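The values are calculated or read from the model by the stated rules, or taken from the named source; none is laboratory data. Please read all numbers here as calculations on a predicted model, not as lab measurements. FYI the Cβ positions are ideal-geometry reconstructions off the backbone, even for glycines, and counts take in every protein chain you see.
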Amino acid sequence: MAENNQNEDSQLDELVALNFKITERERRAFKMWCASKGLTQVQAFKQGFKLLKEKDEAR
């Protein structure tokens, strides 16, 4: 039983595609901003999401 939970937990940490649409202008701006900061798009997304959650929790 514990093995199943560990397997499920590791599966939840695997990278998956996140599908949503933005304009080409926004996509380019995001890519350029990430590159200028030395971040991958995944890193920037994770950091941005973390900041949004923290802001929401502060209310």
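Read through the list (1) small (Gly, Ala, Ser); (2) modelled with pLDDT of 95 or more; (3) over 16 Å from the mean Cα position of the chain (by Cα), then give the number of the only condition that Ala2 fails.
The single condition Ala2 does not satisfy is (2).
Do you know which residues across region 15-59 are in contact with a Phe, Trp or Tyr (Cβ under 8 Å, 6 or more places away or on another chain) and in a helix (DSSP H, G or I)?
Selection gives Gln41, Ala44.
For region 34-54, which positions are surrounded by 10 or more Cβ atoms within 10 Å (Cβ to Cβ) and over 15 Å from the mean Cα position of the chain (by Cα)?
Listed by number, the residues that qualify are Ala35, Lys37.
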